[in-house]
1. Counting only the backbone N, which residues of the stretch 385-424 are under 17 Å from the spot 7 Å out from the Cα of residue 193 toward its beta-carbon?
2. What FRET efficiency would be calculated for the residue pair residue 147, residue 504, taking the C-beta separation as r and a Förster radius of 60 Å, to the nearest 0.05?
3. When the distances between all Cα atoms of the stretch 110-366 are binned every 5 Å from zero, what whole-number percent does each bin get?
4. At a 10 angstrom cut-off on C-beta neighbours, averaged per residue, how do the peptides 59-70, 465-476, 74-85 rank from highest to lowest?
5. Can you figure out the FRET efficiency of residue 475 with residue 338, using R₀ = 45 Å and their beta-carbon distance, to the nearest 0.05?
6. Once the piece of chain linking residue 108 and residue 46 is laid out straight, how much longer is it, given 0.36 nm per residue of separation minus the C-alpha distance between them?
7. Kindly rank 164-172, 240-248, 420-428 from highest to lowest mean number of other beta carbons found within 10 Å of each residue.
8. Which shape class, rounded, prolate or oblate, goes with the chain when its Cα gyration tensor gives a ≥ b ≥ c as root eigenvalues, a/c under 1.5 marks rounded, and past that a/b bigger than b/c marks prolate?
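Every number in this text was worked out from the coordinates using simple rules, so none of it is lab data. Remember, predicted model here, so these are calculated numbers, not experimental data. Here the Cβ positions follow ideal geometry from the backbone for every residue, glycine too, while neighbour counts run over all protein chains shown.
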Ligand SMILES: Cc1ncc(COP(=O)(O)O)c(C=O)c1O
């Protein structure tokens with residue numbers, strides 16, 4: 001048997017001759033399937049001596065027969081969920097090079113601080129004077145983000161990157177409206193074709209017409225195409241830096257000049273700020289508005305929909321339009337204040353996603369300015385390390401130095417496609433990279449190794465990728481049928497997307513019981 005020790009703790013069979021690898025792990029049954037009649041986790045006190053249940057709940061709402069719930073011991077339940085949790089891929093257990101998502105290690109100190117009762121048990125309606133510590137953190141975090149991004153102020157309210165975009169665009173809209181009819185008539189938002197899908201969605205949600213700007217052969221915004229679309233009807237231009245190809249928009253200052261010459265605002269999608277912290281500030285490049293994904297850049301456990309934070313930074317002229325209330329510092333301490341004159345209003349209940357914000361604050365305090373710069377440099381180094389080592393079978397879409405991630409395409413792998421490579425990686429104990437994004441790159445394989453992985457892990461990943469390329473040439477069917485070692489093999493993804501079955505329902509037998 002040939003085997004490749006890809007993880008310290010696990011030797012994964014990789015050969016098609018090894019039949020054990022074809023079997024996979026057994027699928028864990030549903031709790032309903034584990035049910036044994038009469039088994040109990042807890043016993044409730046008898047109702048007999050008390051008031052009958054019909055005295056509490058009207059008869060019409062009472063069930064005629066017991067619901068078909070699984071009957072299990074506490075141990076059955078604990079084993080079931082522990083086992084499922086161990087089958088998950090997570091940053092704490094696996095290399096997770098999911099491009100565009102920045103799945104870096106999340107220091108546990110962040111969680112510990114955020115769980116302190118003063119934060120975790122704070123009630124959002126507590127008087128300001130009883131949550132001075134929390135308000136101080138929010139105030140300081142706003143200032144730290146302003147410093148890192150070269151902006152004049154920040155709001156911490158948005159709960160994610162897309163929510164930050166919505167907030168930023170609403171701010172731009174309110175500002176343009178405040179400047180009179182000549183500006184408020186501007187109805188177009190210009191967005192490059194490589195942008196994250198949330199950019200056009202957010203602009204459309206704010207009532208703007210979206211105009212797509214082409215990328216050039218270097219994977220950057222095509223300046224000539226941008227100029228063609230820019231005009232007196234342009235409200236905003238949204239640029240992602242580094243862009244979704246992992247490349248630095250090297251003509252961004254020229255873009256800023258053009259945009260401002262036309263009286264429009266320039267917005268930076270700063271979701272990928274993890275490649276820039278300590279190296280370069282959006283405000284210095286000429287951006288009026290920026291949102292940052294704190295869950296990506298400042299390391300907050302995320303994925304599968306959150307929780308996160310998408311603070312928005314603005315230059316001076318836009319400060320009056322920031323969401324309210326704002327945390328202000330007075331001689332008597334910190335307090336929440338709103339004047340309601342120009343603000344776009346409240347975008348999120350209470351103070352924003354406080355847990356995520358405390359984690360971001362802790363991360364910034366843990367590392368300090370110099371280390372934050374090292375972190376960005378290391379993220380860039382790791383992405384370029386993989387880009388160069390994988391060149392032979394997976395060349396980069398744009399063959400140039402990248403920032404924190406690289407977008408590759410399989411070459412010479414015959415009928416083996418990106419999806420097959422991603423599935424096969426699961427057998428080697430790696431979470432798959434992002435596939436088929438950005439949309440402008442056919443067969444895209446988007447790899448973001450992050451700075452927190454060791455060279456040994458990156459080398460094992462390279463070894464696995466090379467092995468897959470070799471298999472693609474020698475026994476393509478083996479790759480096309482992967483994964484071989486996961487509890488569930490290939491799913492019918494089209495069917496799952498078109499007819500999602502998200503709720504367990506009892507089968508007929510159970511219903512009739
Ligand atoms: C470039 C870019 N823009 C916007 C977003 C949206 O952020 P969120 O998923 O937090 O809404 C992402 C998410 O990763 C992103 O990578």
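1. Those under the cut-off are 397-398.
2. 0.75
3. 1, 6, 14, 18, 19, 16, 11, 7, 4, 2, 1, 0
4. Per-residue Cβ counts within 10 Å, averaged per peptide and sorted highest first, yield 465-476, 74-85, 59-70.
5. 0.10
6. Contour length minus Cα-Cα distance gives 17.9 nm.
7. In descending order of packing, they fall as 164-172, 240-248, 420-428.
8. oblate
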